[in-house]
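Take a look at the structure below.
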Amino acid sequence: MERYVIGIDLGGSKMAAALADGQGRVLAEERRPTPVEAGAEGVLSALAELVEDLLRAQNLTERDLSAVGLGIPGMIDRERGLCLFSPNLFWRNVDVAGFWRERFSCRLVVDNDVRLGAVAEAEWGAGRGARDLIFVALGTGIGSGLILGGEVYRGSRGLAGEIGHITVSRDGPVCNCGNHGCLEVYAAGPAIARRAQEAMASEPESLLWRLAGGDKEKVTAELVSLAADQGDELAQRIWEETGEYLGIGLASVATLLNPERIVVGGGVAQAGEKLFRPLVRTLKARAMTAPGLTYPVLPAALGSAAGVRGAVAAALKL
Ligand SMILES: [Zn+2]
């Protein structure tokens, strides 16, 4: 009998799921808004419904399912299937595995969403063939997944990969984590918007004022990208500096871990060349070199599908 798996990427605004066969071929996909305001119980119920609907649409039942993989943006205790903390979902100590066991009998693997994204990029995306890979996801926050020697590196408590919280400046704005000058307070989406807003005060000629309808608060990283593409100097400078901060952070990580490849994804990476150019230049200038050593930086290949595909991969490995 053919067995299937389901991979789910639970985000702060959307949840996406895919049903795949035993070879990881995706047969059906579904995307729904995440009812964050309904609390953990409400979100998990919506998730269970999504699984049931996906099965029903293919004339399958839970008995046809061998496992489900679930990616959550936050700190995860994989062994116990707990979400320790998720700032995006406003969850603390949510017993995801416990909830699952009450409704389903098939196995569930819960993991951090960026770690799963790294697995997917390594298996099917821009990291294919690399045994030592750093996958960085730039979005509302900055996370990474480290694949070392062909395996996901998790660290002693499963929290390895928090690249957004390495320090890139001695002083600097306070981060959500409590530290000062973290990479995330310079290069995550909201930080890019904030830095642009600060610079706008002394540059009334910037195109950003017009794009934001005269209201600084309306500036987003996306708008800063648009302004830069239309030749706005302030916006171009913001991207130049963002790339430099990322290059500084990644140079430290590359010097420490000596990866074969670095894959950069997430919404902010959509900025493209204006971000990658200064990033690569800074990385090259600051990482320790050796004859013939380079650190290729590639844009992620799977886009927003990386989380779901990684969850499918995790379910297949169970
Ligand atoms: Zn931090």
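Listing for the model above:
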read-out	value
The chain: calculated mean residue ellipticity at 222 nm from DSSP helix runs of at least 4, using -39500 (n - 2.57)	-11500 deg cm²/dmol
Nearest 10 degrees, 0 to 90: helix 113-124 Cα axis against the chain principal axis	80
Part-to-part distance (alpha-carbon centres) for region 167-196 and region 265-282, which is given in Å	17
Euclidean distance of C-alpha centroids, region 31-57 and region 1-29, integer Å	14
23 Å Cα-Cα reach of Lys218 towards lysines, excluding residues that sit fewer than 8 places from it in its own chain	Lys14, Lys274
Distance in nm between pseudo-label sites at Asn258 and Cys177 (7 Å out along the Cβ direction from Cα)	2.5
Sequence ranges 247-255, 27-35, ranked by mean other-Cβ count within 10 angstrom, highest first	247-255, 27-35
Crossing angle, helix 189-200 versus the chain [Cα axis fit, 0-90 degrees, rounded to tens]	20
Helix 39-57 vs. the chain, principal-axis angle (Cα, 0 to 90°, nearest 10)	60
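The numbers here are math on the coordinates, done by the rules we state, and not lab data. Bear in mind the structure is a predicted one, so any value in this text is a computation, not a measurement. Reconstructed Cβ throughout: ideal geometry from the backbone, glycine too, with neighbour counts over all protein chains shown.
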